[in-house]
Each structure stands twice: as C-alpha cells, then as structure tokens.
1. Looking only at residues that are at pLDDT 85 or above and either over 27 Å from Thr70 (Cβ atoms) or within 34 Å of the chain's Cα centre (by Cα) (or both) in segment 400-419, which one is surrounded by the most Cβ atoms within 10 Å (Cβ to Cβ)?
2. Ala397 versus (1) within 24 Å of Ala280 (Cα to Cα); (2) crowded, with 20+ Cβ neighbours inside 10 Å; (3) over 39 Å from the mean Cα position of the chain (by Cα): which is the lone unmet condition?
3. Count, please, the residues in segment 71-93 that happen to be part of a loop (DSSP other than H, G, I, E, B), at pLDDT below 95 and over 16 Å from Gly124 (Cα atoms).
4. For segment 298-360, which strands (runs of 3 or more DSSP E) that fit wholly inside it have 1 or more residues that are in contact (Cβ under 8 Å) with a residue 24 or more places away in the chain and touching a Lys or Arg at 6+ places or on another chain (Cβ under 6 Å)?
5. Identify the residue in segment 206-240 that is outside any helix (DSSP H, G or I) and touching a helix residue (DSSP H, G or I) at 6+ places or on another chain (Cβ under 6 Å) and, among all such residues, is nearest to Asp335 (Cα to Cα).
6. Exactly one of these conditions fails for Trp66: (1) within 16 Å of Ile456 (Cβ to Cβ); (2) modelled with pLDDT of 95 or more; (3) among the aromatic types (Phe, Trp, Tyr). Give me its number.
7. Every residue in segment 149-173 that is of a type in the set (A, V, I, L, M) and in a loop (DSSP other than H, G, I, E, B), please.
Amino acid sequence: MNRIKVWPHLTIVAVVVALVAALATMWFLKHEQTASAEELPFAARIQRVDGEVALSNGSTSDDAQWVSATQNQPFSVGDRIYTRDNSRTSLAFTGRNFARLNPNTALDVVTLDDDRTQLALREGSAIFDVGYPGELFEVGTPYGAVNFDEPGLYNVGFDNDGNVLVSVLSGVAQIAGLAGSGQVSKGEILTLAGQAAAQVLLSKLNGDDAGYLVDDYYRYQYGNDYDGRYNNYDAYLNDPYYYDPYRRNQSYQYVSSIIPGISDLDYYGDWQNVDNYGYAWRPRVDSGWAPYSQGYWTNDYPYGATWVSSEPWGYAPYHYGRWANVGNQWYWVPDGVNSTPTYAPSLVAFVPLDSNQIGWVPLAPGEAYVPRYYDENWQPHYLTRADIVPAQLVNLAIPGAVTVVPIDAFGQVIDRRNVRRLDPQTFASVRPTLEPLLLTPLRNAVIHSAWGRGKIDLPPGIAKKLDERSAFFGDVPGKSKFRNDVARRLRVEAVADKGSKGKFKISDDGRGDRGEAARADAARQQEIRRLSDEAARGNREARQQARQLEQQQREQERAARRATEQPRGERVGNPGRQEIRQPARQERQEKVERKAAQQPQGVRIANPVRQRVERPQAPPQMQRHEMRQQSPGGAMKQERGQQQPSQPGGQGQGGGKGKGKGKP
C-alpha cells in the first residue's frame, strides 16, 4: 500500500523537476540570445563624400583592404576611414552626433553603441558636433584622450609639428593626457606639445578664426538651410542651437534620435498620418519607384549582404523600420520614437528565381526580420528563433515591388537597364528567404567576388603611420566575438598604463609674452587650416598664402632652436686674452663673491689694467675661490685669485675654452 501511494507523488515531483528544467533551459537560451544581440555592434553612416575617401572594413584579417567609400555606406566597430588630398567626408554616429573629417585625416571606430562612442584620431583634423554625448563620447589620440562632456562643437587635430590641438568652440572637454588631466572650456584651445605630451599650452581662441571654423562647418553640414550667420563667433555663442536638427526637424518627433540619417528626411519627403500605421514618411520620388532599387549591395563583416543607397536620404529608411504601399504610394513606417531601434544591413527578403536571376522585396510592417551575424567562415549565427523562410510577404503582391537583376550584376551599382519588373503572379510558387547566403548562386557571388567599390592604396608613409601609432583612451574596450580583437588591431591603449593621474601643469596661462606667442601660434595654425581647406576647393591664392605661413612658422622655429643653442657667455675683446661677458645673473653672482672677497684677510689693490686680490698665505684648501656657472652639460669652473698654470692637454686661464651652452 505504501508503495502504491508513493508513485503518484514521485510522478508529480518528476513532472515539476522536468518543467523547472525546461523553463531554466528556455530562460538560458533566451538570455544567451539576448546577450548576443546586445553585443552586436551598432552601425554609423557616411552621410557625405567629397573627393576620395577610403574605408577599411573591420574584417577578421589584419590586412583588410581599403576601398572607396560612398554616401550612405554603413561603418561600425573596427572600421577605419581616411580622407585623401583635397577630400572631406561627413559622418553621422547617431541622429544627434556628427563629425566632419578634413583632408588627410584618419579616424578609427573603437566603440559604437547608443551610449558609448570611442574614436581614434591619428592624423589630420576633424570637427565633432555632439548633440548628446551619452555615457561617453571620446576621441583618442597618440598623446591622450579627449572626452566631450557636454553638447557642443569641438575641433581636434594635429599641427605641422605633430602636436595635438583641442579647440572647444562650445561645450566642455576633459583631457586625459600622458602628462596628466585637465579641462578645456568654451572659447579655449589646448595644445598637447611634444612626443610625450609633457608640455601643455592653454590659450583663448581667436574670435575670427573660431568664427571661420564654425561657419565652414555649418556651411558644409547644413548647406540646404544655412544662412551664414555663424561667421561671427559671438553670434554662434549667443545661439548655438539655431540649426540643431533635433530642435528644427519634424522627423525627430516620430523616429528615435539614435538612428543616423533622420536629419535628411524633412528635406526630401513628407510625414503623413496613414491609416493603420500612424505617422509614416513618404519620399518625393517618381511614379513607378520602389524601395531598394537605387544603389548597390556590399558584403559587410559581420553583417553580410548590406544595402547602400545612392539616394541622398537613403540610410535610415533602409536599415530601420518597414515599407508599406498605400494608395500606390510607398511609405516608410519607423519603429517609433520611444522604441529601441536595431540596425539591420537590409530589411528585405530575397526571392530566388533561377540560377541566373535574383530578386528582393522590402519587408512590410509587422513582418519579422531575423538578426544575425557571420563568423570568419561566413557561417550565419541567428540571434532569434524566427523563421528565415517567411510564410507570406505582403509586398510580393504589389506591382513593381520586387527588384530583379542577373546574379552577375548583384554586386554592382544597380543599372535600370538590368532591372526586371515581373508580374506578381510570377512569385506565387517562389519561396523567399531572409538569409541570402543559403542561396548557392548568391553565396558564391558574395564570397568569391569583390563586392563594393574599387580598391584604394594609401600612401606608404600614411599607411605605416596609421598602423604603428598608438591611440590612448581612458577606458579600453574589451574583446568582442564579432571583431578580431579591436584594441590590439587598432593599437588602442589606456592612458592609465602610461600617463599621470595628476592634473596638467599648464606652462602658459595665456598671459605675458609666452601667452601671446602661444595665441599667435594657435591663430597661425588655424589660419593655415582655413587656407588649406580653401586650397582643397581649388583656390590657388589660398594655397600660396598657406605656404607662406608655413614658411614663416618654419623660420620662427629655426630661430627658436638657434636661440636655445646660444651660450650663456659670449667671447668679446682681445682674442689673446679673451674675457667672458656674463649675463645679468652671473654678474650678480660675481658681485656677491667680490663682496665676500673684501674681508680683512685681504687687501684690494687698484690696478687700472687688472684688479687683483692679494691675500695672506692660507691653507691650500683656502687658496682658491671658485665660481660655478651652470650649463646644460654640467658645471663650468672659473678660477678666481691666483692665476693657474696651464695643465697638460688643456688651456690656462688666458686661453681656456670657457664658452658653454645654456638656455636663452
């Protein structure tokens, strides 16, 4: 009887244990998937390209190629960007944080997510427009880290001597340098001078130069609306947020400001309240247009097949949200301003027709996208359990929604002559997929062909400098399974490993001759950069003026070096006797010693030719009185009292080589 009663209890216990185990397994799997999804890095946008801009994808290879970057191309952690001669580019990290790279500038992406942005600047200069710093917005340089603590406009770059200049046009920057730390406020410029950044110069920004920097940036960044009001620096300081897109653009009411590219939507389209979808954005396009039909596909590690639009507004609507066709009009439906958006390389389903043709169709609102990443062998790893073969796609039934091209043309810029628009009935028996690398012809096109733009070779000297120069940060990111040890590959180090934890010892407080010289040098550097920018636009006169200023700077530097090499004393008078004319400090020291010599033990005898002190016989150690003259190489002794005979291999008093180097 007892055994019969025990069995039901054991059965219940076993069921409960199994249920708990199953729930624990499900929770573990869900937790693992969520953690992996959060580790997948964000992506940023190349929003404008002028000239030749090179991009190196953060692949698993240390020898990643440099290719030509284009407008709307995504970039992410581990990627490197370089602007060639006479070239500039504008970057959008979020909808509120931007950067403009000047010619011959290198920028690496170390960390990128919604609250943390870390960038390495090893060459050139850039303006950073920070609307929301988040938890951290940091630029690492070979001499230390620059943290943007407040919204503002910052210029960071190198001068001709390799020093790092940090100009705070508005906002506040914290500097963590190799020689200490400190703060730079609005209207100030900090120079980290010397290879060890041990010398720190702080001075006020010149108003005219600051006004030029602000005006030039806004003219480039907001050319469609900018009216030139910021060429006066005071006008900018009085109203620095006049052109802030977050305050001016309607799009920020409907889309999360984390998303890059939403600042362009107001200019190229309109927001409408669409039935069943709420507010959606409609681009101003020709009839017959369809999403994902103007641009090209590129293979971007670790995301895989990535869409790059050639339309000026074509970033946010192709990597976030969905597309709906209402009344024969296409509308982009975002996820919502209060949502946490997730970047996708493209939000389409691929439609295999045969071994020679491939098509794709935009996903509609409510249709699932499967987030994934690829390993070194281009094997997919899915971060959710959604089916990669959707049962039904709404937009397949919309005429012209599917873009079809030959497989061989898949990696090229879409040519309308190659595009086929098939009747929706053609796709009735086709099984679309969200995973393009499961399609054998398409996978071969991805892996065995060079997608994207043409290869670019950097100048050997620049390539070597970028590979060998370390960049220092306050906080070094850890390793990621998606990137091949970014900190090691990009030569990222922590300031704490080499730097001082103390405050900067500012060698110039902006007052006096040294302060004037520092301000003049900073102003000259800014003028050279301004003229260089003008020269990049083809202004020959500006190029000539920049060269003249550079020549003037080199001459002043040579004069300064010659001054530091001058001796403390200069030989004058009779070459046979060669007296030494001493500086004021040494003359004061001589006067003190002469007073000491006028003691009772000796009587001074006047001699119009030579003054000499006659003293009674004293112990040997008291027979000579020495005067030490300090020099960089040590101490130089000059005998006073009795004249000493010449020593073998040396000079006596009359012919001694008493000339030594010292500070001017």
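The values are calculated or read from the model by the stated rules, or taken from the named source; none is laboratory data. Because the structure is predicted, anything quoted here is derived from the model rather than measured. Ideal geometry is used to build each Cβ from the backbone, glycine not excepted, and the neighbour counts take in all protein chains shown.
1. Ile414
2. Of everything listed in (1) within 24 Å of Ala280 (Cα to Cα); (2) crowded, with 20+ Cβ neighbours inside 10 Å; (3) over 39 Å from the mean Cα position of the chain (by Cα), Ala397 misses just condition (2).
3. Number of matching residues: 3.
4. Those strands (runs of 3 or more DSSP E) span 329-333.
5. Of everything passing the filter in segment 206-240, Asn224 is nearest to Asp335 (Cα to Cα).
6. Trp66 satisfies every listed condition except (2).
7. Hit for segment 149-173 is Val172, nothing else.
Residues checked against (1) among the small types (Gly, Ala, Ser); (2) touching a residue at least 60 places away in the same chain (Cβ under 8 Å):
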| residue | (1), (2) |
| --- | --- |
| Thr83 | no, no |
| Ala99 | yes, no |
| Thr105 | no, no |
| Leu119 | no, no |
| Ala145 | yes, yes |
| Gly182 | yes, yes |
